[in-house]
Amino acid sequence: MRLFRSHSIPHLFGSDEFTKGTLRFCWHITSIAWFGFAALLIGSEFTYLFMLNVVSLVFLLSALFSAYFTKGKHLSWVAFLVVSVLTFLASGGV
């Protein structure tokens with residue numbers, strides 16, 4: 001049985017939509033993280049700058065996905081965005 005068809009999903013903020021959005025977010029953010037990790041593993045010219053740029057991009061995408069899937073209600077997007085900006089600045093951001 002598909003998870004979202006279940007009647008036992010908790011209702012947060014008045015409905016189960018927030019819970020479903022959070023679950024979708026978790027699924028996609030894990031995919032983003034693994035693609036970022038793969039980029040680090042297969043980077044042909046692995047440098048400290050390359051690593052910082054990949055990490056910054058992964059956290060930026062995570063912030064965008066978090067804000068989109070939870071409609072900004074879950075504040076994880078703020079933390080992800082802060083890490084992305086700080087990592088970008090540490091790389092000597094352009």
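The values are calculated or read from the model by the stated rules, or taken from the named source; none is laboratory data. The structure presented is a predicted model; accordingly, all values stated were derived computationally and were not measured. Here the Cβ positions follow ideal geometry from the backbone for every residue, glycine too, while neighbour counts run over all protein chains shown. When the accessible area is computed, the model is the full protein with side chains, heavy atoms only, and any ligands, DNA or RNA have been set aside. Shrake-Rupley method; radii C 1.70, N 1.55, O 1.52, S 1.80 Å.
Here are a few things to note about the model shown:
- Residue list for the stretch 47-78, restricted to those being open to solvent by 60 Å² or more (accessible area, probe 1.4 Å) and outside any helix (DSSP H, G or I): Thr47, Lys71, Lys73, His74, Leu75
- All told, Leu41 meets the bar of being open to solvent by 50 Å² or more (accessible area, probe 1.4 Å) and in a helix (DSSP H, G or I).
- Residue in the stretch 3-20 that is in contact with a Phe, Trp or Tyr (Cβ under 7 Å, 6 or more places away or on another chain) and open to solvent by less than 60 Å² (accessible area, probe 1.4 Å) present: yes
Here's the yes/no breakdown for (1) hydrophobic (A, V, I, L, M, F, W, C); (2) free of Cβ contacts under 8 Å to residues at least 12 places away in the same chain; (3) out of contact with any His (no Cβ under 9 Å at 6 or more places or on another chain); (4) within 28 Å of Phe13 (Cα to Cα):
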{"residue": "Phe46", "(1), (2), (3), (4)": "yes, yes, yes, no"}
{"residue": "Met51", "(1), (2), (3), (4)": "yes, yes, yes, no"}
{"residue": "Leu57", "(1), (2), (3), (4)": "yes, no, yes, no"}
{"residue": "Leu60", "(1), (2), (3), (4)": "yes, no, yes, yes"}
{"residue": "Ala67", "(1), (2), (3), (4)": "yes, yes, no, yes"}
{"residue": "Lys71", "(1), (2), (3), (4)": "no, no, yes, yes"}
{"residue": "Leu81", "(1), (2), (3), (4)": "yes, no, yes, yes"}
{"residue": "Ser91", "(1), (2), (3), (4)": "no, no, yes, no"}
